[in-house]
2 protein chains.
Amino acid sequence: MGIGRWIQGLGMVGFAVLLCAAGASAQEQPRLNLVPLPASLQSGSGSLRIDSSFSVALTGRTEARLDHAVQRFLRQLSRQTALSISAKTSNKPTLTVHTDHASKEVQELGEDESYTLSIAADGAKIEASTPLGAMHGLQTFLQLVEVSPDGFAAPAVTIQDKPRFPWRGLMIDVGRHFIPLDILKRNLDGLEAVKMNVFHWHLSEDQGFRAESKKFPKLHTLGSDGLYYTQEEIRDLIAYARDRGIRIVPEFDMPGHSTAWFVGYPELASGPGPYAIERKWGVFDPAMDLTSEKTYKFLDEFVGEMTKLFPDYYFHIGGDEVNGKQWDANPKIQEFRKSHNFATNEALQAYFSERIQKIVTKHGKAVVGWDEVFIPGVPKDIVIQSWRGQESLAKAAAQGYHGILSNGYYLDLGWSTARHYAVDPTSGPAANLTPEQQRLILGGESCMWVEYVNAENIDSRIWPRNAAIAERLWSPQNVADVASMYARLHAVSAQLEWLGLTHRTYYPQMLRRIAGPGASPDELSALRTLADVVEPVKDYTREATATAEPTSATPLNRVVDAVPLESDVARRFGELVDKFISSSCHDAEAAARLRAQLSAWRDNDARLQPLMQHSFLVKEVTATSQDLSSLAAAGLAALDFGAKGGAAPEDWKTQQLAVIEQIEKPKSQLLVMPALAIRKLVEAVVAGGSCAASK
Amino acid sequence: MGIGRWIQGLGMVGFAVLLCAAGASAQEQPRLNLVPLPASLQSGSGSLRIDSSFSVALTGRTEARLDHAVQRFLRQLSRQTALSISAKTSNKPTLTVHTDHASKEVQELGEDESYTLSIAADGAKIEASTPLGAMHGLQTFLQLVEVSPDGFAAPAVTIQDKPRFPWRGLMIDVGRHFIPLDILKRNLDGLEAVKMNVFHWHLSEDQGFRAESKKFPKLHTLGSDGLYYTQEEIRDLIAYARDRGIRIVPEFDMPGHSTAWFVGYPELASGPGPYAIERKWGVFDPAMDLTSEKTYKFLDEFVGEMTKLFPDYYFHIGGDEVNGKQWDANPKIQEFRKSHNFATNEALQAYFSERIQKIVTKHGKAVVGWDEVFIPGVPKDIVIQSWRGQESLAKAAAQGYHGILSNGYYLDLGWSTARHYAVDPTSGPAANLTPEQQRLILGGESCMWVEYVNAENIDSRIWPRNAAIAERLWSPQNVADVASMYARLHAVSAQLEWLGLTHRTYYPQMLRRIAGPGASPDELSALRTLADVVEPVKDYTREATATAEPTSATPLNRVVDAVPLESDVARRFGELVDKFISSSCHDAEAAARLRAQLSAWRDNDARLQPLMQHSFLVKEVTATSQDLSSLAAAGLAALDFGAKGGAAPEDWKTQQLAVIEQIEKPKSQLLVMPALAIRKLVEAVVAGGSCAASK
């Protein structure tokens, strides 16, 4: 390691990684496929060979959790390599893991998670203050294992690492679609791999109450269609998470988003019953009767039960999106509002928040809530989870309140990974805070809302994109190179597969369902070609573009449900177009590749015809398929102009851009992603464009 | 159904299915993707719509097993369609399942498995004598569900069906590599889907004793590396199998293949101990001491325990491949042989077989054994499982013995599906038997030996090919159209995925491991292009071509472990070449497709170079990759001669064939499968060839 160099401020490491990824001689310096990138890293020389003799020794503080972590590490190493690696003791272990002292019995926010990892040709060592850091080091090691010309190996390297933020979480909504326990488990495995340390379990919604309550059993028996987690299963998942250095923060959303509570306990509601489990999506009227002491007595007992079940110090009470209609319609509540001089429904909710917070505090826990629970004057141990935006987070911090950012990290909105990656909890309005105020921003949570997500495709909606958010929350702020991020994400995605995550395998299988079992390989290939370059509509437009009102029973079997949220093929095509244009359209190799790709797209609509006639699920994307062909034809015409070296006529451009504009309108809730790059091509070959100008 | 037509003798249905598969107007007559094809089938008009209102009613005899079958059916229907279909009662059920009477408490060989299934636009009905038939009918229904232009549907059809053979099994060797219970379960699901009714569980081998014995615990504690099934798990799997109409026949192989027994109980062996679990593959010397009464006392107690655990009437005692070396080397055994006037070691084994058979009979069961246990004069209730060939089966039947065929159904040998499919239990030597003698042939079993198979790739070594063997054992003998079989196999393969079988998903994942997580999509695509057209060496040549002696610890992570045993791409390429040549090389569209495919192969070696330099697992296939390029170049040259319309010179042909001959030699234990088709192309364009002659 004598010839290594220290790189501080990992923007530079990102750059180094990118260089390696782009160069053909990547063999000389192993590419480090780390996500998240560590706080500091020094490359050494040589590498540590990984074979079936690999062994691990624990020194210093040991505990069952570390033994489990090592067993898990060896199992994952075996999966990644297919080597028969078994737990064995050795007087010369390949990897030594030294831990100084214990971590807390119940994991706490802000515990020391730092570690150092040094790998040399003759062995490796992890040193950490606590088991949390040791476990992070093991995950870093796994990401470093590469296939080399001589076998599996990990490059010589010295890493000193610690997280930027102490709260790095993923929220999963299990209310709108039930997500079975084994799927949650493999997603926790994924969180461990990318060093996230909070699983926020959104357990109640209008569409389902998912946790067993022994005190109020009608909550789960009548509120869940039988799809809930028993307390035994919940304890099991909590232990599973703790083993992986992950806290579980439960959320029971109130006073709104609570229809499912009222199916069994209509007396809690502000409007007359009876209630049924909600089957549609949106914001609904039912809300708790905040004027009734019976409500608070119920909640006191309920919170008492749940705070015993969930050991974490934080307890999430939701608090979002109360539309106030039931309150407005209830004379008793209006009376209450008047008598208390509450000017608005927000003030009513503030009253409720204060009451529920007192209950939570009484049971020894601290409240987390969505933006709405932040009302000036609430006690300081509350944590605000911002879904509305960075401003509210900054505002809260300015007043001394802790916060975590989720706005910008909503995985269901279909943003590109790059867009999520650019969102920083302390940028924007928070950048003007004092350092002390900035420290009140504890981190962030990505959110997986599941209106259009179910057990079949949830992994693909979370991964690998969530790994980029994990990096944002762990790595130094200046780690921001997008190309490096995508290259490393590609690698970590392959690694996540060995954890059993199905974010890649679900896709061809869903396409085969769409095509029907009798579809030929050629037909399937045509469907795949189209599916590979479309993305679901973004943000909240899926409801708006639906032909029939979607419900929880709507099958998620369409092309829009099958395709990944981000098209890798379209992204790479866009990069190639940029490269071509930046060469003033002189890069012949790029031109040939563009032409081959565009020709395949142009011809694809004809290839897809048999399936369109055969399957209603393919027929649905008829217009999208035609759009891809038309788009490709426009791109080919642009290439032709480019090849001729003259500028394309202005009226041709106008005509093409009109076509592209039509194509950019979503059809079947799908966007044809190469449209932007082809627009660029068209504009490049007219007078004044990058290509025509240079002729 | 008035306009339907009856087709008896399903060779014709096979033909009809083929016609539909090939034609572009397949919409008019739905293609029936049934595997196995039923005994008789009448197409009707119209189809039954499948939506979330789908319901099933059981009438006649009902039992818990039928309820489970319906729940399983609905779950699978939901998976295939992604529709929310829940178990519900309806006064107008979509599908009625009527069962006349119960089947046996312990499933028996030869129970009535027949059923009729009629589907019309307004509903469907299954009628069966027993739950076994009803369950088969449900599986047939699932295979009929197709995606249609208007939604999911099942075509109107009337099917009368029953099996040709009563014993239709799959054997899995769990000794050489342990196969976890959940993987066995999903393979039982696969057996149910293709109407196989026996799971032959090969539980002991030199390399592992896999069943818990409470009487002799050192069998599993010392003989399994801790990898065994508890009796509770075994009972669980038996119940799981029974629920699916599948018998479980356990095999404890003796007196050979028994090293793992001797680790804990060396006193059973014929040679001096101590013994260790065998790590290599092959036939080994250790064999039981057949002269010691202690051996028979042990086996009596052991068989007593296991026959209680396994309820099936049949108990498999193995009996194969005793090399006799330990017997030859043991003076006491030689003495015994002399005193009993046994001329050969075969006679010694016959003595052992007789003794063990009496023990099994005493415990109320009948013996199944491999060829070797068949010695003239053994009692008639024995079943001979023929691994050596059809002759031994015919010979046994001629003498009044029952038999099942496994020779020709060894899934590990890497044969094409077509080759397995052509093997018929009553063809060849058995064709000359009288009808009564032929009836002694009970059916067959495919065999999955796992020297080069583990939990990761076992599904792909069994499926979808096993479905063709299932068809051979179920459908009428004249169902033999290979093209129809492949088309239907492709469809049933997609359906099997919904059972959780990983025979498709494991493959890209293993290729990503081979390439390394950092490989780019282009590099992966180059690896896939090569991998898609190679197959592992066939029969028993893998040992012969190994560079180092393989053991149970040898990682199965190479290209040879990753690729499917049969290349679909090469098979389709071969079909296209045949089509092209049969047009006297005039089919321009075929020529264009061949040229595109060959160009891609020719250029692939260059594309794969970066990975070859990067990964030892890709570097290993360097010669194979060059071979594919050379082969493609030869094919392109042949196409060029064809296009010119003149015959290629004879010396060119000689040169090309010499190149191809070199390419046909396996390298890295891989065969380049398009070699045969390209040889045909070369021969077609020289004087006297199909193409040159017509010029």
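Per-residue ellipticity at 222 nm computed for chain A from its helices equals -13500 deg cm²/dmol, with DSSP H segments shorter than 4 residues left out and the rest contributing -39,500 (n - 2.57).
Label points for B:Ser339 are taken 7 Å from Cα along Cα→Cβ. From this copy to the others they lie 10.6 nm apart, shortest first. Partners of B:Lys644 within straight-line reach, counting lysines whose Cα lies under 28 Å from its Cα and excluding those fewer than 8 residues away in the same chain: B:Lys579, B:Lys653, B:Lys680, B:Lys695. Computed over Cα pairs, the Kirkwood radius of chain A leads via Stokes-Einstein (0.890 mPa s, 25 °C) to a diffusion coefficient of 90 µm² per second. Projecting label points 7 angstrom from Cα along Cα→Cβ for B:Arg528 and B:Ala553 puts them 3.6 nm apart. Label points for A:Ser86 are taken 7 Å from Cα along Cα→Cβ. From this copy to the others they lie 4.7 nm apart, shortest first. With one equal scatterer per alpha carbon and no solvent term, the Debye-computed log10 I(q)/I(0) for the stretch A:275-343 at 0.12, 0.15, 0.21, 0.23 1/Å reads -0.46, -0.70, -1.09, -1.15.
Relative contact order, whole percent, for chain B stands at 12, derived from Cα pairs under 8 Å and 6 or more residues apart. Hey, any idea what % of the protein assembly as shown's accessible area is carbon plus sulfur with a 1.4 Å probe? C and S atoms contribute 54 percent here.
Among bridges DSSP assigns within chain B, what percent are antiparallel (round to 5)? Looking only at bridges with both residues in chain B, the antiparallel portion is about 45 percent. On a C-alpha basis, how far is the centre of the stretch B:295-369 from the centre of the stretch B:572-609 in Å? Whole number, if you could? After rounding, the separation between the Cα centres reads 57 Å. Between the amide H of B:Leu671 and those of B:Glu535, B:Val537, distances stay under 5 Å, these residues lying 5 or more places away or on another chain, with hydrogens modeled in the peptide plane.
When every alpha-carbon pair in the stretch A:403-514 is counted, what percent end up more than 22 Å apart? Walk me through the intermediate numbers first.
Working: 2399 of 6216 pairs.
Here the tail beyond 22 Å accounts for 39 percent of pairs.
Comparing B:Phe216, A:Ala643, A:Ala366 along the charge dipole axis of the protein assembly as shown, the residue lying farthest to the positive side is A:Ala643, per the Cβ-charge model. Excluding ligands, DNA and RNA and using a 1.4 Å probe, chains A and B jointly bury around 4000 Å² of accessible surface, summed across both partners. Each residue of the stretch B:430-436 was assigned a 3J(HN,Hα) from its phi angle through the Karplus curve 6.51 cos²θ - 1.76 cosθ + 1.60 (θ = phi - 60°); the sequence is 6, 5, 8, 6, 5, x, 5 Hz, with glycine and proline shown as x.
Treating each Cα of the stretch B:513-569 as an identical point scatterer and summing with the Debye formula, the log10 of I(q)/I(0) at q = 0.15, 0.18, 0.26, 0.28 Å⁻¹ comes to -0.54, -0.74, -1.12, -1.18. Of all beta bridges that DSSP places with both ends in the protein assembly as shown, some 45 percent have antiparallel geometry.
Converting phi to 3J(HN,Hα) with the Karplus coefficients 6.51, -1.76 and 1.60 and the offset θ = phi - 60°, the stretch A:404-418 yields 10, 9, 10, 4, x, 10, 7, 5, 7, 7, x, 5, 5, 4, 4 Hz in sequence order, with x at every glycine or proline. A straight line joining the Cα centroids of the stretch A:632-648 and the stretch B:509-569 runs 43 Å. Ordered by 1.4 Å accessible area with all protein chains kept, B:Phe641, A:Phe54 run largest first as B:Phe641, A:Phe54.
When only Cα pairs below 8 angstrom with a gap of at least 6 residues are kept, the stretch A:581-695 shows a relative contact order of 32 percent. Rolling a 1.4 Å probe over the protein chains gives A:His503 an accessible area of about 10 Å². By the equivalent-ellipsoid construction on the alpha carbon gyration tensor, the protein assembly as shown comes out with semi-axes of 53, 41, 36 Å, ordered largest to smallest. In chain B, the beta carbon lying closest to the axis that superposes B onto A belongs to the residue given here with its whole-angstrom distance, B:Thr505, 2. Hey, what's the stretch A:468-563 come to in accessible area per residue, 1.4 Å probe, Å²? That works out to 29 Å² for each residue. The distance between label points at A:His101 and B:Asp122 comes to 8.1 nm (points 7 Å beyond Cα on the Cα→Cβ vector). A crude spin-label estimate for the pair B:Ala398 and B:Lys358, with each label 7 Å from Cα along the Cβ direction, gives 3.0 nm. What percent does the relative contact order of the stretch B:383-534 come to when contacts are Cα pairs within less than 8 Å and at least six residues apart? Worked out over the stretch B:383-534, it gives 20 percent. Straight-line reach from B:Lys619: taking Cα to Cα under 17 Å and skipping same-chain neighbours fewer than 8 places apart, the lysines in range are B:Lys667.
What Kirkwood hydrodynamic radius, in Å, does the stretch B:345-461 give when the mean of 1/r is taken over all pairs of distinct Cα atoms and then inverted?
Numbers: mean 1/r = 0.0651 Å⁻¹.
Over the stretch B:345-461, the inverse of the mean reciprocal pair distance is 15.4 Å.
Were the residues from A:Thr434 through A:Ser339 laid out at 0.36 nm apart, the gain over their Cα-Cα distance would be 30.1 nm.
In summary, the stretch B:109-264 shows an alpha-carbon radius of gyration equal to 1.32 times the 2.2 N^0.38 Å reference for compact globular proteins. Taking the label point 7 Å along Cα→Cβ, A:Arg528 and its counterparts in the other copies are spaced 0.5 nm apart, in ascending order.
Close lysine pairs were tallied over the stretch A:270-367: pairs 8 or more places apart or on different chains with Cα atoms under 19 Å apart number 13.
For the stretch A:269-397, the ratio of Cα radius of gyration to the globular rule of thumb 2.2 N^0.38 Å stands at 1.08. Only lysine pairs 8 or more places apart, or on different chains, with alpha-carbon atoms under 26 angstrom apart are counted in the stretch B:92-187, and they number 6.
The values are calculated or read from the model by the stated rules, or taken from the named source; none is laboratory data. Everything quoted here is computed from the prediction, not taken from an experiment. Backbone-built Cβ (ideal geometry, glycine too); neighbour counts: all protein chains shown. The area values use the complete protein model at the heavy-atom level, side chains included, leaving out ligands, DNA and RNA. Shrake-Rupley method; radii C 1.70, N 1.55, O 1.52, S 1.80 Å.
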